[in-house]
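Read the structure below first, then the notes.
What follows is calculated from the coordinates using simple rules that are stated; it is not laboratory data. The structure displayed is predicted, hence computed values, not measured ones. Don't worry about glycine lacking a Cβ; one is built from the backbone with ideal geometry, like all the others, and counts go over all protein chains shown.
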Amino acid sequence: MLCLLVLLMATASAQKVQLKILEKGTNEPLVGVTVGYATGKSMRNIEYTITDANGKAAFVLPDKGAYYRISMVGYVTLTGKIAAGTTKLTLRMKEDMVGIDEVVVSGSTTPRSVKMNPVTTQVISGKALSESGYGDLQQALQQETAGLNIQKVNFGSEMNMQGLDARHVLFLMDGERMTGDMAGNLDYERFNLHAIDHVEIIKGGSSALYGAQASGAVVNLVTKKTNQPLSIKAGARYGAMNERNYRNPKKKDFLYMYEKNIDRPNMSVWLSAGLKKGAFTSQSDVCYSQTDAFYLYQKENDKKTYTAEANSFLDKDTTIVSKLARSPMGIEGTEHITASQKVYFEPSDNFKMQVNGNYFFMNTYDTRQDLVFTQSEDFNGTAKAAYKVKDWFKIAVTLHADYYNRYKRHERRDFRKTVYKSRINQQKLIVTSQYFKNHDLILGVERYGDELTSDRFVNRKMTSRELKEVEYFAQDEWSISDKWMLSAGIRTDFSKQFGFMWMPKISAKYSPNKNWSFRTSLTKGYRSPTIKELFFNWDHLGMFMIVGNEDLEPEKNNYVSVGAEYSTDRFFINATVYDNYFTDKIEGVWKIYDMQYNFEYTNLGHQNLAGGEVIARWQMFDFLALNATYSYVNISKVDGRQLSTTSPHAATAGIQYNYKRRKYALRTGFTASYMGRKLYDVQDRLTIASEGASRKAYFRCDLPAYALCNITVAQTFWDKLRLTLGVNNVFNYKPKTLGSGLTAFSVPATAGARGYVQLEYKIDKLIPWKKK
Amino acid sequence: MEKEIKASLNLCAFASLRWRNNNNFLKLTAFVLLLLALGACVKYDADPFDGEILPRVSGYSTGVTNDWIYFNLRTGDVYNKTKPNEDITEGEQLDTLIWDLAFCGHHMRTNSGTSGSGKGGALDLGNGNYEAWTTVSQLPDDAEWVVDTDSDVYVTYSQADWYHYLVENNMDMDLYPWFDPNKGPRQKITTANKLLEEAIAVSGPPMAYTPSYHTYVVRTADGERYFKLQIVNWYNTYLDIDDTGGEMSYYVDELE
């Protein structure tokens, strides 16, 4: 009798519960949703299962029932309890418009939601970027983050984020470094917008975890990894041409190839495929894109105002108008392809490994008729393995290399020349542990090698220069209580050039309740000079020299920030104020010696960047979402002159209307990106006729404020096909002034209002599924 | 390097392929590799250039400010062909009719006005259409020929000549450098043809030379014959990448 009872009890506790997860509104089954369950409310010893192609998941329900936490990127996490004895349960997940549940990986070691992170992180969802119809990542980031500007210039792209340039903003792909051009800028075209899961932006020294280049900010682009058995998406985008330059190119034309290349169609095609079978996951993403070149025009002649404030020898502001008209400024067109392949092998919870390979190739068609266009080629690969030893610690090893070549190719004859080669390689060993209750420890060592081959070190001869660094870092995140969290970290950088440098960081977070969070952060950073800043030695046609300085000292900075955050299911606002004080800041300055101008890298005294930022998102109604960001930065003047080209004010705003029904979804959005007035001084020389003397002078450049607005309408049919129509720069803003002389790179590169159409198809939905 | 890249990628694709017997994935890999192959293709299908190219770079970079190459369009002779002032020095061109057209950098002279005693001159026939102009009779009757002047065109000072000027006038070399990043190199007024000056527009720094593609007519020194001229590029197509240009490519043909 007892045996029978025991048997009955045993069978009773082996009862399974069938969960079905659907999307709220469309009632479509959600595939690949993570279902976490545990016996206790604290969710200790949580177990996981994933929903299948029909949105179903089953697990053995404990006697007393179970607490669940169901999550998926882009949806609001569901928590609750399944009563004992339940056999079937259907739950609906709502799209996460506010983004508080977005899981982030940068800034600490364990993935955790934005809300729980001790460091302020701005997250931009890749789904939102792709659905908003952006043509490329540069455009997407500029519309979604305040104060970020990526400008196409003659030799690549120049980036500016709230007063800091590419040397202080670290762009990472899945946490790994990339190499690009010599100024530290990357070919931002390398980031395939459609392969991005989300973007994490952490402002303010993350040097402790990421090293010297992160003294301003870290932008981590996390790529997609499918958790569905099969996922294939294809898409195509076609946009209106920026400017048609040649109506009828003929083979007899001297510049026949140039004429064709300048007027490429504005289009892209992409394909993403993911497969998951057992312990293996494969993710492939390819994207091919073209844009056409165009010109920016300035109607009036250049005006230069020499202010009395910046020029002590003047009694009043003096304006000089140039006699010559300004030639149109050409913005280059491109043709590029990116391909990436990731293979994951995750046989158990304790062991995971992955191998990635990325390939990039780009032709850049500039508007200079010099018989040459530029080609960039990049290959990078990463191998990672992580092993968990019981619940003591986890050890991870990463090997990463990035090889980048830049060429110049002739436009009439079939040959090309290598301009420079950049190689980086990185080895990382990281140990993380959550063994000690409430502590999240990370210890790591990183070895980094950087080699640059160019003809700019020794005049006209291809030579190489390299830098090697070994860095050690440690960080502890201590959850002192439910309300308090403290994070302390330190990184030491040992380089042959500069010896030991220490970069400490402390952050604290206080959350009195589940809505409020207060954060503060203090970091100290070092940035050692780059190869270019140290070794450059280039004579431009006897006109001027660009000179590196082997005696440069590393830049040092002290960063402090204080922020407050309030969030509910429908509303999120984060406000932060900061101060970033640089000493020995490395800048290029024009100096005259050896009878000519020399652009020389030197350590300037100090520079202070102080500012604030507000990020807000509000799901006003189920169908209406608003978001806005505002950034203010004040950069200290040097001797009464404002040398930084950054605008103090920048903002973005967006409004989105959503309508979901079975087999149809509509999303309409309007976004605006505002850049405030730019007022800065440019180094120049004036000859005063009456005195007959030539003096160093500064003229003030005044670029007006502007806003670029986009509108999109996206419709999804049967959850398979999405059609997006949109207009960029809907109010047709065109800059009236291009600045003067060397200041021409601070205006937005837009040809005016341009429309586009985009089509995306989920090919895997065509494949009939075998029901289990 | 490229072979290694392709091999590695193939390996990655193959590694995941081993665990799959899915036709779709094979097709996907093939598609990916095809796209990669396409990305590296650049087609060279322009017609070969059948025009003229200047024999050398002229102008300030040779060390001489007024470094002109003189052409006799009627006989085909070229003066100062291999180096500056070889045959005709600055000033000697004034009293002779042995030349019709001269080049210095992107500036041009005709044997007329302040440049020479001849009956030369220049006329602008508008953008393109070079092939369409074949006879003298096509030229407009009321054509206003532009002759050379000495108050409109500036040439770039050679560095040597500029420093010579500074020394002569007791000016500090470090206060008046030859090149200014905002203004460009120092200029000196010269005698030249202001219409032909528009044949190629110069902007920068960084220096960019953009031809206007206008067809011009040059009248010879004796005033009898007419040659059409079109400047197509600042560069010589046969030279290396990174060449700084100056050996201009152009078309010149006689009008019947």
query: So how long is each side of the protein assembly as shown along the principal axes, counting just the alpha-carbon atoms, biggest first, in Å?
result: 133, 60, 50
Gained length - residue A:486 relative to residue A:723, 0.36 nm times residue gap less alpha-carbon distance: 80.7 nm
For the range A:337-412: rounded, prolate or oblate by the Cα gyration tensor [a/c cutoff 1.5]: prolate
task: From other protein chains only, count the Cβ atoms within 10 Å of every residue's Cβ in A:404-411, then give the mean.
output: 3
- request: Name the shape class, rounded, prolate or oblate, that the alpha-carbon gyration tensor gives for the range B:95-221, where a ≥ b ≥ c are the square roots of its eigenvalues, rounded holds for a/c under 1.5, and otherwise prolate holds if a/b is larger than b/c and oblate otherwise.
  value: oblate
field: Projected area, mean over directions - the range A:628-740, Cα convex hull, nm²
entry: 10.1 nm²
task: Rounded to the nearest 0.05, what FRET efficiency do residue A:575 and residue B:164 give with R0 = 60 Å and r taken as the Cβ-Cβ distance? Could you check?
output: 0.40
query: What percent antiparallel are the DSSP beta bridges of the protein assembly as shown, to the nearest 5?
result: 95 percent
message: Within 10 Å of each Cβ in B:170-180, how many Cβ atoms from other chains are there, averaged over the peptide?
response: 6
For A:282-295, mean number of other protein chain Cβ atoms within 10 Å: 2
field: At 1.567 mPa s and 4 °C, Stokes diffusion of the range A:274-413 via Kirkwood alpha-carbon radius, µm² per second
entry: 63 µm²/s
query: Treating the beta-carbon of each Lys and Arg as +1 and of each Asp and Glu as -1, no other charges, what is the dipole magnitude of chain A about its Cα centre, to the nearest 20 debye?
result: 2540 debye
field: FRET efficiency estimate (nearest 0.05) - Cβ-Cβ, residue A:318 to residue A:621, R0 35 angstrom
entry: 0.05
field: Full-extension gain in nm, residue A:24 to residue A:506, via 0.36 nm per residue minus C-alpha separation
entry: 169.4 nm
- line: With -39,500 (n - 2.57) per DSSP H segment of 4 or more residues and division by the full residue count of chain A, the 222 nm estimate, nearest 500 deg cm²/dmol, is -1500 deg cm²/dmol
- line: For residue A:720, the aspartates and glutamates lying under 12 Å Cα to Cα, once residues fewer than eight places off in the same chain are dropped, come out as A:28, A:760, A:764
task: At 0.36 nm per residue, minus the direct Cα-Cα distance, what do residue A:679 and residue A:437 gain on full extension? Give it in nm, one decimal, please.
output: 81.8 nm
field: Ordering of A:710-721, B:109-120 by burial proxy (mean other Cβ atoms within 10 Å per residue, highest first)
entry: B:109-120, A:710-721
statement: Two pseudo-spin positions, 7 Å from Cα along C-beta at residue A:88 and at residue B:149, lie apart in nanometres by 9.5 nm
statement: Among A:245, A:188, A:213, the residue whose Cα sits farthest towards the positive end of the charge dipole of the range A:153-269 (+1 at Cβ of Lys and Arg, -1 at Cβ of Asp and Glu, taken about the Cα centre) is A:245
- request: Check each of the trypsin sites (Lys or Arg not before Pro) in the range A:478-586 and keep only those in coil by DSSP with at most 10 other C-beta atoms within 10 angstrom; list them in order.
  value: A:496, A:514
message: Just to confirm the filter: which trypsin sites (Lys or Arg not before Pro) across the range A:360-397 are DSSP coil and have at most 10 other Cβ within 10 angstrom of their Cβ?
response: A:390
query: Based on the alpha-carbon gyration tensor of the range A:135-258 and its eigenvalue square roots a ≥ b ≥ c, which shape applies: rounded if a/c is under 1.5, prolate if not and a/b is larger than b/c, or oblate?
result: oblate
message: Taking the alpha-carbon distance from residue A:736 and a cut-off under 25 Å, which lysines remain once sequence neighbours fewer than 8 residues away in the same chain are dropped?
response: A:152, A:299, A:303, A:304, A:323, A:678, B:183
field: Rough spin-label spacing in nm, given labels placed 7 Å along Cα→Cβ, for residue A:466 and residue B:171
entry: 4.9 nm
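What is chain A's relative contact order, in percent, from Cα pairs under 8 angstrom and six or more apart in sequence? Could the numbers behind the result be given before it?
Details: 2101 pairs, mean separation 78.4, N = 772.
Over chain A, the number comes to 10 percent.
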- request: Please compute P(r) over all alpha-carbon pairs of the range B:156-256, binned at 10 Å starting from zero, and give each bin as a whole-number percent.
  value: 12, 31, 31, 19, 6, 0
query: Under a straight-distance cross-link criterion of Cα-Cα below 24 Å, which lysines are reachable from residue A:81, leaving out those fewer than 8 residues away in the same chain?
result: A:16, A:20, A:24, A:41, A:56, A:64, A:94, A:115, A:514
- line: If one compares the long axis through the Cα atoms of helix A:2-13 with the longest principal axis of the Cα atoms of chain A, the angle in degrees, nearest 10, works out at 30 degrees
- prompt: Given a cut-off of under 8 Å on Cα pairs at least six residues apart, what relative contact order in percent is computed for the range B:161-245?
  reply: 16 percent
